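Trainee: Starting off with a structure, shown below.
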Ligand SMILES: Nc1nc2c(ncn2[C@@H]2O[C@H](COP(=O)(O)OP(=O)(O)OP(=O)(O)O)[C@@H](O)[C@H]2O)c(=O)[nH]1
Ligand SMILES: [Mg+2]
């Protein structure tokens with residue numbers, strides 16, 4: 001069965017960059033991936049695009065033809081895509097039953113918070129057999145200001161309730177966080193969303209009515225108890241892998257054995273080149289695959305804080321030194337291979353001359 005991610009978030013939150021990063025990562029680790037651009041204003045698409053909405057409709061044409069501005073034009077494009085859903089379905093079918101598809105959406109937040117077209121498109125994808133999760137990217141710059149953070153919480157909650165999908169909220173560009181000055185709280189305060197009453201002091205510096213509104217929103221968010229965040233620095237492999245683990249749990253991909261592998265009754269992996277990963281669910285250790293603690297480097301947000309906020313420069317220097325060492329080792333190995341090859345050729349020449 002096909003799996004997929006609906007990648008949404010505010011303008012500039014990093015959606016297209018994330019799709020590109022994930023395409024590079026999955027290609028490197030040999031996992032299937034296709035990226036579908038559903039942003040009709042995406043002129044410079046960084047990733048190889050499996051399906052592009054531009055071959056159906058472009059924002060430029062809509063604005064010219066219907067005298068609409070960019071925002072109204074974007075909503076028109078989404079309604080047009082919904083009306084021509086068969087176009088999308090035909091192309092998705094060509095990607096095969098075991099595809100893993102990222103849908104790169106435009107940055108208009110109303111598409112994921114109140115407009116109906118995207119929601120109905122998602123419903124139809126679900127009926128076609130897609131196992132989907134919404135990946136909601138939020139610029140981590142928002143956590144540097146209490147009122148902005150509250151608006152981010154509300155936006156995330158609205159998207160979760162509106163889209164009705166397994167949902168992963170992500171604080172993107174976490175690598176830039178240390179540039180915005182000191183945070184009022186540790187990073188886990190912002191990602192775990194446990195006790196928002198601590199924000200009261202920071203919020204009370206605004207006008208009384210505005211801070212009362214923000215505190216009321218905080219209460220609402222806590223009553224629902226749904227919002228939490230993962231973190232992402234798109235160029236950091238560990239960060240991408242960690243987010244991938246969280247999304248795999250949300251979509252159910254965590255149950256899918258690797259393509260070319262089946263499971264014996266005791267759970268041992270058996271090599272079977274004919275096995276297509278997503279066709280055969282992993283019945284072994286079903287609950288522990290889903291409910292066990294997430295493992296892997298920086299799966300704990302305190303480590304993320306240390307890497308990107310508290311000791312970013314030291315970690316940068318450490319990683320640079322690691323890369324240098326790895327580069328030197330590779331160069332040495334290449335030189336040794338070259339030397340052995342030259343020696344082999346030399347011996348062969350001597351033998352031929354004899
Ligand atoms: N430092 C850093 N920059 C990032 C990261 N992710 C994205 N960016 C930068 O953020 C900017 C916006 O990224 P895009 O991927 O175009 O954002 P988008 O959400 O697709 O934007 P729209 O499609 O216009 O809504 C680009 O300059 C990216 O290079 C990240 O993890 N770290
Ligand atoms: Mg984009």
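The values are calculated or read from the model by the stated rules, or taken from the named source; none is laboratory data. Here the structure is a predicted model, which is why all the values come from computation and not from measurement. Cβ coordinates were reconstructed from backbone atoms using ideal geometry, including for glycine residues, and neighbour counts include every protein chain displayed.
Trainee: Return a yes/no flag: does region 41-49 have any residue that is farther than 22 Å from residue 128 by Cα and either assigned to a strand (DSSP E or B) or within 16 Å of the chain's Cα centre (by Cα) (or both).
Mentor: yes
Trainee: Looking at this structure, is residue 65 at pLDDT below 95 and more than 30 Å from residue 179 (Cα to Cα)?
Mentor: yes
Trainee: Is region 59-70 home to any residue that is touching a residue at least 60 places away in the same chain (Cβ under 8 Å), within 15 Å of ligand 2 (Cβ to nearest atom) and either loosely packed, with under 14 Cβ neighbours inside 10 Å or at negative phi (or both)?
Mentor: no
Trainee: Within region 1-13, take every residue that is buried (at least 22 other Cβ atoms within 10 Å of the Cβ) and near ligand 1 (Cβ under 6 Å from one of its atoms) and give me the one that is farthest from residue 152 (Cα to Cα).
Mentor: Checked region 1-13; the qualifying residue farthest from residue 152 (Cα to Cα) is 13.
Trainee: Looking only at region 23-38, which residues are in contact with a strand residue (DSSP E or B) (Cβ under 6 Å, 6 or more places away or on another chain) and either within 8 Å of ligand 2 (Cβ to nearest atom) or assigned to a helix (DSSP H, G or I) (or both)?
Mentor: Hit for region 23-38 is 23, nothing else.
Trainee: Which of the residues spanning region 285-317 are loosely packed, with under 11 Cβ neighbours inside 10 Å and at pLDDT 90 or above?
Mentor: Once the filter is applied, which keeps residues that are loosely packed, with under 11 Cβ neighbours inside 10 Å and at pLDDT 90 or above, region 285-317 yields only 313.
Trainee: Do you know which residues across region 3-22 are in a strand (DSSP E or B) and within 13 Å of ligand 2 (Cβ to nearest atom)?
Mentor: Correct list: 7, 8, 9.
Trainee: Continuing with the same structure: Tell me yes or no: at least one residue of region 72-95 is under 25 Å from the mean Cα position of the chain (by Cα), touching a residue at least 60 places away in the same chain (Cβ under 8 Å) and outside any helix (DSSP H, G or I).
Mentor: yes
Trainee: In addition: I'm checking my understanding of the structure. Among residues of region 99-133 that are part of a loop (DSSP other than H, G, I, E, B) and under 17 Å from residue 78 (Cβ atoms), which one is nearest to ligand 1 (Cβ to nearest atom)?
Mentor: 107
Trainee: Another one. Tally up the residues in region 48-58 that are within 26 Å of residue 236 (Cα to Cα) and either buried (at least 21 other Cβ atoms within 10 Å of the Cβ) or away from ligand 1 (no atom under 16 Å from the Cβ) (or both), please.
Mentor: Of the residues in region 48-58, 1 are within 26 Å of residue 236 (Cα to Cα) and either buried (at least 21 other Cβ atoms within 10 Å of the Cβ) or away from ligand 1 (no atom under 16 Å from the Cβ) (or both).
Trainee: Residues of region 26-40 being away from ligand 1 (no atom under 16 Å from the Cβ), over 20 Å from residue 132 (Cα atoms) and touching a helix residue (DSSP H, G or I) at 6+ places or on another chain (Cβ under 9 Å), which ones?
Mentor: Once the filter is applied, which keeps residues that are away from ligand 1 (no atom under 16 Å from the Cβ), over 20 Å from residue 132 (Cα atoms) and touching a helix residue (DSSP H, G or I) at 6+ places or on another chain (Cβ under 9 Å), region 26-40 yields 28, 29.
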